[in-house]
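Single-structure report; data block below.
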Amino acid sequence: MSHSGDPKPMTARKSPALRGVAAVPGDKSISHRALILGAMAIGETRITGLLEGEDVLDTAKAMRAFGATVTRTGEGAWSVNGVGVGGFAEPEGVIDCGNSGTGVRLIMGTMATSPITATFTGDASLSRRPMARITDPLQLFGCHVTAREGGRLPVTITGAADPMPVSYRTPVASAQIKSAVLLAGLNAPGQTVVTEAEATRDHTERMLTGFGAEITTEITPDGRVITLTGRPELVAQTVAVPRDPSSAAFPVAAALLVPGSEIRVPGVSRNPTRDGLYVTLLEMGADITFENQRDEGGEPVADLIVRHSALKGVSVPADRAASMIDEFPILSVIACFAEGATVMNGVAELRVKESDRIDAMAVGLRANGARVEDTPDSMTVHGTGGLKGGAVAATHLDHRIAMSFLIGGLASDQPIGVDDGAPIMTSFPDFLPLMQGLGADIA
Ligand code: S3P
């Protein structure tokens, strides 16, 4: 969407103590899935707390293009009248998923077992990202795929008219691969089985259960084995989307780094497959308390109270990477303000996100005075209890890179700028007013 427009430079400056309530937006992963499963269900699905960022709005548009009726009924309130499993119509135009890897990959899975053809595109960032990791397993169902060199977008898929169920072991820890296969399996007869060596976010499995599908997860010596029985009738649901722990990470980090701060972040998902950053921050000595732990819409949530903290560097084990995969950019900023080295292991997947996040963070942090080492699959930040700042970081069409540097600038000696903050609209449209409301000097 609009991130193909003019770049929006932004700057963050040393700020007074942050105070107040940070009501971060709805979870991006759950928002995509609520629209997609709503479109595959019979009846009216009502969603509240939907993230109205560009990524999710692109998925809403795509669901309309495949024949579902998708209507905004209020702030974050949406209604989806689905077409049923196997009921997708062939879209008339190209499906533009903008900046969203989750959107394009999950939707490819969803249509791959219906006898229709669709062409998918995206922005410059999405067009550089690997899609063969999705289209390879989808071809096992019998669909036909044409792609640019290296499996990149634009990709055209003609779905299987007579799909076969599939058994697939994911080659990398990726909830997008797992979810694409499960969504394709919905319209294949028999059992589709996905095995993953490490647990990745499980929102698809939880939500499929909620919509009435038969799906089981078994922990075996081989990994997590997820079995879905195809051709269920999905029944429309009411979905309350919890607040996004990946978006919460930014005000949480700001409160930890800016002296004197104390903020409350209500209703954040504490799903254990998304919790790695919070586990890591507690190990670093962060003062975070979790109040009112409860269940909302099939997900555990809590209110977070976060206070400024003196932090120490830690080593983050590789087997925790999947549960905090989107939080390494902000962790690398936090690590600059800790005392000692923070080592992030097993993070090769960061190189194929909206940008090469290891490179983007290492280059930008070094320009701002930090000592950072990186290897193909790790990053080490040598924390000194502070950050000099004074440089402008390149964000490479990546919302999390932009927000991470801006948070660093709230506590660094000199201001930190970003060349383009426009991509923040993909996941956290109210980032600036929310941070300003807490007292952050950022514009
Ligand atoms: C997501 C999965 C992760 C994550 C992305 C959202 C999802 O990607 O980085 O932001 O909603 O399934 P991978 O599955 O590629 O690790």
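Among (1) part of a loop (DSSP other than H, G, I, E, B); (2) within 15 Å of the ligand (Cβ to nearest atom), there is one condition PRO165 misses while meeting the rest; what is its number?
Failing condition for PRO165: (2).
Would you mention how many residues in region 114-158 are open to solvent by 60 Å² or more (accessible area, probe 1.4 Å) and touching a residue at least 24 places away in the same chain (Cβ under 8 Å)?
Qualifying residue count, region 114-158: 5.
Among what's in region 174-186 and is within 12 Å of the ligand (Cβ to nearest atom) and in contact with a Leu (Cβ under 9 Å, 6 or more places away or on another chain), pick the residue that is most open to solvent (accessible area, probe 1.4 Å). Full working, then the answer.
Within region 174-186, the first condition is being within 12 Å of the ligand (Cβ to nearest atom), and the residues that meet it are 174-183.
Next cut, in contact with a Leu (Cβ under 9 Å, 6 or more places away or on another chain) only: 176, 179-183.
Working: GLN176: 33, SER179: 0, ALA180: 2, VAL181: 0, LEU182: 0, LEU183: 6 Å².
The extreme case among them is GLN176.
Taking region 187-206, which residues are away from the ligand (no atom under 16 Å from the Cβ), part of a loop (DSSP other than H, G, I, E, B) and open to solvent by less than 10 Å² (accessible area, probe 1.4 Å)? Even if it seems obvious, please write down each step before you answer.
First, pick out the residues of region 187-206 that are away from the ligand (no atom under 16 Å from the Cβ): 187-193.
Now drop any that are not part of a loop (DSSP other than H, G, I, E, B), which leaves 187-190.
Residue satisfying the conditions is ALA188 alone.
For (1) within 16 Å of the ligand (Cβ to nearest atom); (2) under 24 Å from GLY26 (Cα atoms), each residue gets a yes or a no:
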residue: GLU339; (1), (2): no, no
residue: GLU354; (1), (2): yes, yes
residue: THR380; (1), (2): no, no
residue: GLY421; (1), (2): no, yes
residue: GLN436; (1), (2): no, yes
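Among the strands (runs of 3 or more DSSP E) lying completely within region 330-391, list those that include at least 2 residues that are aliphatic (A, V, I, L, M) and in contact with a strand residue (DSSP E or B) (Cβ under 9 Å, 6 or more places away or on another chain).
Details: elements: 339-345, 371-375, 378-384.
Strands (runs of 3 or more DSSP E) meeting the threshold: 339-345, 378-384.
Looking at THR342, is it within 23 Å of ALA310 (Cα to Cα) and open to solvent by 10 Å² or more (accessible area, probe 1.4 Å)?
Working: within 23 Å of ALA310 (Cα to Cα): yes; open to solvent by 10 Å² or more (accessible area, probe 1.4 Å): no.
For THR342, the condition - within 23 Å of ALA310 (Cα to Cα) and open to solvent by 10 Å² or more (accessible area, probe 1.4 Å) - is not met.
Report yes if THR375 is β-branched (Val, Ile, Thr) and within 21 Å of the chain's Cα centre (by Cα), otherwise no.
no
Go through (1) open to solvent by 10 Å² or more (accessible area, probe 1.4 Å); (2) within 16 Å of the ligand (Cβ to nearest atom); (3) touching a helix residue (DSSP H, G or I) at 6+ places or on another chain (Cβ under 8 Å); (4) not in a loop (DSSP other than H, G, I, E, B) for PRO171 and report which single condition fails.
(4)
Residues of region 91-113 being open to solvent by 10 Å² or more (accessible area, probe 1.4 Å) and away from the ligand (no atom under 16 Å from the Cβ), which ones?
Initial filter on region 91-113 (open to solvent by 10 Å² or more (accessible area, probe 1.4 Å)): 91-94, 96, 102.
Once the filter is applied, which keeps residues that are open to solvent by 10 Å² or more (accessible area, probe 1.4 Å) and away from the ligand (no atom under 16 Å from the Cβ), region 91-113 yields PRO91, GLU92, GLY93, VAL94, ASP96.
Go through region 273-316 and give me each residue that's in contact (Cβ under 8 Å) with a residue 24 or more places away in the chain, open to solvent by 70 Å² or more (accessible area, probe 1.4 Å) and either within 15 Å of ALA248 (Cα to Cα) or among the hydrophobic types (A, V, I, L, M, F, W, C) (or both).
ARG307, ALA310
Can you find, within region 224-263, the residue that is nearest to the chain's Cα centre (by Cα) among those that are in a strand (DSSP E or B) and in contact (Cβ under 8 Å) with a residue 60 or more places away in the chain? Break it down stepwise before answering.
Kept after step one, since they are in a strand (DSSP E or B), are these residues of region 224-263: 224-229, 235, 238-240, 243, 262-263.
After this cut, where a residue has to be in contact (Cβ under 8 Å) with a residue 60 or more places away in the chain as well, the list is 235, 238-240, 243, 262-263.
Values: VAL235: 26, THR238: 22, VAL239: 18, ALA240: 18, ARG243: 12, GLU262: 26, ILE263: 23 Å.
That would be ARG243.
The values are calculated or read from the model by the stated rules, or taken from the named source; none is laboratory data. Small disclaimer: the values here were computed from a predicted structure and weren't measured. Neighbour counts are summed over all protein chains in view; Cβ atoms, including those assigned to glycine, are modelled from backbone coordinates with ideal geometry. Side chains included, ligands, DNA and RNA excluded: accessible areas come from the protein's heavy atoms. Shrake-Rupley method; radii C 1.70, N 1.55, O 1.52, S 1.80 Å.
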